[in-house]
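I have placed the structure first, in the form of structure tokens, so that the comments after it can refer back to it.
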Number of protein chains: 2
Amino acid sequence: MSGRLTIIGLGPGDDRTLTPEARDALAEAEALYGYGPYLDRVPQREGQARHATGNRVEGDRAQDALRHAASGAQVAMVSGGDPGVFAMASAVCGEIEAGPEAWRALDLVVVPGISAMLAVAARAGAPLGHDFCAMSLSDNLKPWDLIEKRLDAAAGAGFVIALYNPVSKTRPWQLGQAFARLSRHLPAATPVVFGRAVGRADEAVTVTTLDKAAEAKADMATLVIVGSPETRIIPREGKAPLVYTPRVAAAGTA
Amino acid sequence: MSGRLTIIGLGPGDDRTLTPEARDALAEAEALYGYGPYLDRVPQREGQARHATGNRVEGDRAQDALRHAASGAQVAMVSGGDPGVFAMASAVCGEIEAGPEAWRALDLVVVPGISAMLAVAARAGAPLGHDFCAMSLSDNLKPWDLIEKRLDAAAGAGFVIALYNPVSKTRPWQLGQAFARLSRHLPAATPVVFGRAVGRADEAVTVTTLDKAAEAKADMATLVIVGSPETRIIPREGKAPLVYTPRVAAAGTA
């Protein structure tokens, strides 16, 4: 039997956002690889080996899984959200390109999942209802200058912006600086959504505006959506406000 | 019982990409609203009314569903892919903002789905593995000048670009013009992925390069992903090539 590596998106939260395709792929695997907290979300199954790793060793983890699959095994790699968005699918492809020819012969299957931006947007209303960007705010893998250039380009052209990896223990100032940078282009009243751990027990969604965004709390489990000048907040009595970006844009909106 | 409107993402294809949350929400609804071909993907259920409409009447459809929910009913609106990405959630929010106060008092729930860009990216490898934009190429709801400005900004800053609504019967030239515009910023060898009807029986995924992209066929069911200068194609013997964008970007990449 030829080896296979399946990279599986677990979605943002519990089983209710796990697709049947992902559920079946998890069941069929002989071995699971992944970042520990993601693996912890997958029920134990007899005879299925589990290889948990830390969150800074994506390349090593990908190589381990590829070697295992190349031995003829059915191997799965789990990823939170969607594996193709700032996650393991790109890391695996990178190792395949750099690795032995046998890795290109493997069956590689990517099973999409609900990414964090879609889950957070759904809770808030429809902030991604018009043209938008998704950016990682981590300057571990790219220079800060490039991040600022992209923030300028996206805000200047009227895109809504979803910010992945806004904050970590070693990156405390980047999010505040990003808000300051975006304030050069966007009105103070631009809606900003903070979505933390959406779909999980400790979920928290906060709606604020760009001028007050630096005061809101964010951590590694948070996704931030910064609106465009078109994005609107609908207040509702006794309910959370709705945030949405209209599908129609006029000529002067960027 | 107070009324509720649930906007449900069906994902790109068959039941294998429908989340349990979406499946349950479909089962609980007293009435379903939606564009005919999306409603056709939902199994008939006794006692559940169905209101199919054409694809150019989003506002009317949203109003009908809101009125129905405001009468105290449990109403669902179905959307292909994710309802928050160029789909019905924004249309519904727009009608809530413009409509009677009672519509703000409704329970509004958005159930996310696997959007087309995630499904197409998964089939191709990991083209959305680094910073990316999603844009609708339809100039029905915004001027073409604004679309070109956004293409310039996104390509100039090194974003991968997912193009929704690339072509329709009444918009035959826009995609070719977009490729020509992007060619001002991007190398001829930039990878381009065409994903048509991914997850359905007539699925077709094609990988090409920007200089040859205008020759590839696209229609209303196609999503197009244009890489950044960093995006790579890995050829594989006897298998479809992998397309991916590395997670690491250097200073000179935009």
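From the square roots a ≥ b ≥ c of the eigenvalues of the alpha-carbon gyration tensor of the range A:1-54, which class results: rounded (a/c under 1.5), prolate (a/b over b/c), or oblate?
Oblate shape, in that a/c is at least 1.5 and b/c is the bigger or equal ratio.
Averaged over its residues, how many other protein chain Cβ atoms are within 10 Å of peptide A:235-242's Cβ atoms?
4
Rounded to whole Å, give me the distance from the Cα center of the range B:181-233 to that of the range A:150-178.
Each part's Cα centre sits 27 Å from the other's.
Sum up the charges of everything whose Cβ sits under 11 Å from the Cβ of B:Val160, counting Lys and Arg as +1 and Asp and Glu as -1, but leave B:Val160 out.
That sum, taken over residues with Cβ under 11 Å, equals -2.
For the range A:160-254, just say rounded, prolate or oblate: build the C-alpha gyration tensor, square-root its eigenvalues into a ≥ b ≥ c, call rounded for a/c under 1.5, and beyond that prolate if a/b exceeds b/c, oblate if not.
On the way: a/c = 2.01, a/b = 1.22, b/c = 1.65.
Oblate, because a/c is 1.5 or more while a/b does not exceed b/c.
Between A:Gly238, A:Gly81, A:Gly99, where does the largest GNM mean-square fluctuation fall for chain A, given springs only between Cα atoms within less than 10 Å?
A:Gly238
Apply the Karplus curve 6.51 cos²θ - 1.76 cosθ + 1.60, θ = phi - 60°, to the phi angles in the range B:192-205 and return the couplings in whole Hz, x for Gly and Pro.
10, 10, 9, x, 10, 6, 5, x, 10, 4, 9, 4, 8, 10
Send over a whole-number figure in Å² for the accessible area per residue of the range B:1-65, probe 1.4 Å.
On a per-residue basis, 50 Å².
Hey, can you rank B:40-49, A:171-180 by average C-beta count inside 10 Å, highest first?
On the way: B:40-49: 11.8, A:171-180: 16.4.
By packing density, highest mean first, the sequence is A:171-180, B:40-49.
Work out the mean other chain Cβ neighbour count within 10 Å for the residues of A:158-165 and drop it here as an integer. If you can, show how the numbers build up before the last one.
Values: counts 5, 7, 2, 1, 2, 0, 1, 0.
Across the residues of A:158-165, the mean count of other-chain Cβ atoms within 10 Å is 2.
Rounded to whole Hz and in sequence order, give me ³J(HN,Hα) for the range B:10-27 from the Karplus expression 6.51 cos²θ - 1.76 cosθ + 1.60, θ = phi - 60°, writing x for Gly and Pro.
8, x, x, x, 8, 4, 5, 10, 8, 6, x, 4, 5, 4, 5, 5, 5, 5
Would you work out the relative contact order for chain B, in percent, from Cα pairs under 8 angstrom that are 6 or more residues apart?
20
Which whole number gives the average, over all residues in B:18-25, of C-beta atoms from other chains lying within 10 Å of the residue C-beta?
So the per-residue partner count for this stretch is 5.
Which Cα, out of A:Met77, A:Phe132, A:Leu186, lies furthest along the positive dipole direction of chain A (beta carbon charges, K/R +1, D/E -1)?
Towards the positive end, the residue furthest out is A:Leu186.
Cut-off 10 angstrom, C-alpha nodes, Gaussian network model of chain A. Which of A:Ser168, A:Ser228, A:Ser79 fluctuates the most?
A:Ser168
List the residues, sorted by chain then number, that are 5 or more residues from B:Cys133 or on another chain and whose placed amide H is less than 5 Å from its amide H.
A:Ala134, B:Val160, B:Ile161, B:Ala162
To the nearest 10 degrees, how steep is helix A:88-98 against the longest Cα principal axis of chain A, on a 0 to 90 scale?
Tilt of helix A:88-98: around 60 degrees.
Quick check on the range B:23-73: take the gyration tensor over C-alpha atoms, sort the square-rooted eigenvalues as a ≥ b ≥ c, and tell me if it's rounded (a/c under 1.5), prolate or oblate.
Note, shape of the range B:23-73 comes out oblate.
Using a 1.4 Å probe on the protein heavy atoms, what percent of the accessible area of the range B:44-98 belongs to carbon and sulfur? Could you put the intermediate results ahead of the total?
Values: 890 of 2150 Å².
Of all accessible area on the range B:44-98, carbon and sulfur atoms account for 42 percent.
Which far-off residues, 5 or more places away or on another chain, put their amide H under 5 Å from the one on B:Gly125, with H placed in the peptide plane?
HN-HN under 5 Å from B:Gly125: B:Val243.
The values are calculated or read from the model by the stated rules, or taken from the named source; none is laboratory data. Quick caveat, the model's predicted, so the values are computed rather than measured. Cβ atoms come from the backbone with ideal geometry, glycine included; neighbour counts cover every protein chain shown. Just so you know, the surface numbers come from the protein's heavy atoms only, side chains and all, with ligands and any DNA or RNA stripped out. Shrake-Rupley method; radii C 1.70, N 1.55, O 1.52, S 1.80 Å.
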